[in-house]
Structure formats: C-alpha cells, structure tokens
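The values are calculated or read from the model by the stated rules, or taken from the named source; none is laboratory data. Owing to the predicted nature of the structure, the values given are computational and were not obtained by experimental measurement. Note: ideal-geometry Cβ built from the backbone for every residue, glycine included; neighbour counts use all protein chains shown. Remember, those area values only see protein heavy atoms, side chains included, never the ligands or the DNA or RNA. Shrake-Rupley method; radii C 1.70, N 1.55, O 1.52, S 1.80 Å.
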Amino acid sequence: MLPKYKIEHDVPTCIGCGSCAAICPENWVMEGNKARCIKTDIGENLSCNMEAAKNCPVNCIHITEDDKKVI
C-alpha cells in the first residue's frame, strides 16, 4: 500500500508571502492576503509541495505521511 501524504496549513500563521504559490502553483493559490491549498491529499505533487513547505518563512505548511509529520 502506498503511503498517504496530507498537507496541514496553519492559515492564521500564514503571512501571505506567496512563496508556496510561486514554487507549487499546481496546488497553492493566493486568496486575498493568505495562501490557500487546493488539495490537501497529495501524492503526484509531493515534490513541489515539499519544496513549498521547506521554503515557507513562517513554517505554516506541514506534510504528514500516514499521520506522521514529515515536515
């Protein structure tokens, strides 16, 4: 069975810098002054979502694998 990856986005902490949307536009968009994750269950776009999480200046994007925190 393949691992299940999920995104947890701490919206109140988001400062709306847009780095996630620039790095992974397939899954992140800007709405007003905050970022929004289009799809929280991921698999095919794991790589760009991992980059988005790593580059978030306030660390408000978290990725879990089968409910265990990856980043």
Unique residue being assigned to a loop (DSSP other than H, G, I, E, B), exposed (fewer than 14 other Cβ atoms within 10 Å of the Cβ) and modelled with pLDDT of 95 or more when the list is P12, P25:
P25
Enumerate the pairs (first residue in region 43-71 and within 15 Å of C14 (Cα to Cα) and of a type in the set (D, E, K, R); second residue anywhere and assigned to a loop (DSSP other than H, G, I, E, B) and open to solvent by less than 80 Å² (accessible area, probe 1.4 Å)) with beta-carbon separation below 7 Å, excluding pairs fewer than 6 apart on the same chain, so at least 6 apart or on different chains.
K54/I71
Considering region 28-66 alone, what residues qualify as being part of a loop (DSSP other than H, G, I, E, B), open to solvent by 70 Å² or more (accessible area, probe 1.4 Å) and either in contact with a Pro (Cβ under 6 Å, 6 or more places away or on another chain) or aliphatic (A, V, I, L, M) (or both)?
I38, D66
